[in-house]
Amino acid sequence: MAKLEIATLGGGCFWCVEAVYLEAAGVTSVMSGYMGGAKPNPTYEQVCGGNTGHVEVVQLKFDPTVITYRDVLEIFFATHDPTTLNRQGNDAGTQYRSVIFYYSPEQKATAEAVIRDLTAEKAFPNPIVTAIEPATEFYPAEDYHQQYFENHPNQPYCAFVVSPKVQKFRKKFAERLKASA
């Protein structure tokens, strides 16, 4: 097996982002958490308060021989709105901003190239505002946030917000689904 790589992405509520990548072939683990802030070991309530500087993120480990970092980012951009500053739908605040945290110069260059390509293609009607920042300390979210959609598919937020994003992923990236998905 190839050496696993890490990607950490913020694209609004981590339940949405996590649910998509749990179904992606080559992704071996997905964990919801927080990154980018100043307070050590923040809680969900503190992050939601908007005063810690953290972003709700998912950290995923993936096998680059199965799914490339570019593929990971293409899924990311296709399943959230990278053109809205500090919000995704009704979720508003800096904790919901669109951000790619990179772990190497190669990841940074790939993220810049993907944004450049999407901008050139006019893939979105408005400019992409996704930030590209060096990874900092990752803090796992509380246990009840992990695999939230899988455990609560009928919860209203999951049914009306998360589920459509998962369906979009399944349709647009059918060839990228895990065999069991």
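The values are calculated or read from the model by the stated rules, or taken from the named source; none is laboratory data. Being a predicted model, the structure only gives us computed values, none of them experimental. Neighbour counts run over all protein chains shown; Cβ positions are idealised from the backbone, glycine included. Each accessible area value is taken on the protein alone, full model and side chains, heavy atoms only, with ligands, DNA and RNA left out. Shrake-Rupley method; radii C 1.70, N 1.55, O 1.52, S 1.80 Å.
Quickly run through region 1-38 and pick out the residues that are over 21 Å from Glu150 (Cα atoms), of a type outside the set (Gly, Ala, Ser) and assigned to a loop (DSSP other than H, G, I, E, B). Scanning region 1-38 gives Met1, Lys3, Leu4.
Taking Val20, is it surrounded by 22 or more Cβ atoms within 10 Å (Cβ to Cβ), closer than 15 Å to Asp91 by Cβ and touching a helix residue (DSSP H, G or I) at 6+ places or on another chain (Cβ under 9 Å)? No; evaluated as a whole, the condition is false for this residue.
Quickly run through region 80-116 and pick out the residues that are touching a Gly at 6+ places or on another chain (Cβ under 7 Å), of a type in the set (Ser, Thr, Tyr) and open to solvent by 20 Å² or more (accessible area, probe 1.4 Å). If the condition is that a residue be touching a Gly at 6+ places or on another chain (Cβ under 7 Å), of a type in the set (Ser, Thr, Tyr) and open to solvent by 20 Å² or more (accessible area, probe 1.4 Å), then Thr94, Tyr96 are the ones that fit.
For region 42-51, a residue qualifies if it is assigned to a loop (DSSP other than H, G, I, E, B) and in contact with a strand residue (DSSP E or B) (Cβ under 6 Å, 6 or more places away or on another chain), and exactly one does: Pro42. Residue count for region 117-135 satisfying the condition of being in contact with a Phe, Trp or Tyr (Cβ under 7 Å, 6 or more places away or on another chain) and either open to solvent by 40 Å² or more (accessible area, probe 1.4 Å) or at pLDDT below 95 (or both): 3. Under the condition of being in contact with a helix residue (DSSP H, G or I) (Cβ under 9 Å, 6 or more places away or on another chain), in a helix (DSSP H, G or I) and either among the aromatic types (Phe, Trp, Tyr) or loosely packed, with under 15 Cβ neighbours inside 10 Å (or both), the residues counted in region 171-181 number 1.
Can you pull out the residues in region 60-81 that are under 18 Å from Glu121 (Cα atoms) and in contact with a helix residue (DSSP H, G or I) (Cβ under 8 Å, 6 or more places away or on another chain)?
Arg70, Asp71, Leu73, Glu74, Ile75, Phe76, Phe77, Ala78, Thr79, His80
Mind checking whether some residue in region 43-62 is farther than 21 Å from Gln95 by Cβ and of a type in the set (Phe, Trp, Tyr)?
Keep residues of region 43-62 that are farther than 21 Å from Gln95 by Cβ, which gives 61-62.
From what's left, of a type in the set (Phe, Trp, Tyr): 62.
Within region 43-62 (the criterion being farther than 21 Å from Gln95 by Cβ and of a type in the set (Phe, Trp, Tyr)), the answer is yes, since at least one residue qualifies.
Residues that are open to solvent by 70 Å² or more (accessible area, probe 1.4 Å) and either at pLDDT 95 or above or within 15 Å of the chain's Cα centre (by Cα) (or both) within region 136-147 comprise Thr136, Glu137, Pro140, Gln147, listed in sequence order. Listed conditions (1) over 27 Å from Thr119 (Cα atoms); (2) free of Cβ contacts under 8 Å to residues at least 12 places away in the same chain are all met by Met31, apart from (2).
Ala109 falls short on exactly one of the conditions (1) modelled with pLDDT of 95 or more; (2) closer than 25 Å to Tyr157 by Cα, and that condition is (2). One residue stands out in region 88-106 among those that are of a type in the set (A, V, I, L, M) and modelled with pLDDT of 95 or more: the one that is nearest to Glu45 (Cα to Cα), namely Val99. Tyr34 meets the conditions (1) over 28 Å from Pro153 (Cβ atoms); (2) touching a helix residue (DSSP H, G or I) at 6+ places or on another chain (Cβ under 6 Å); (3) open to solvent by less than 40 Å² (accessible area, probe 1.4 Å) in every case but one. The failed one is (1).
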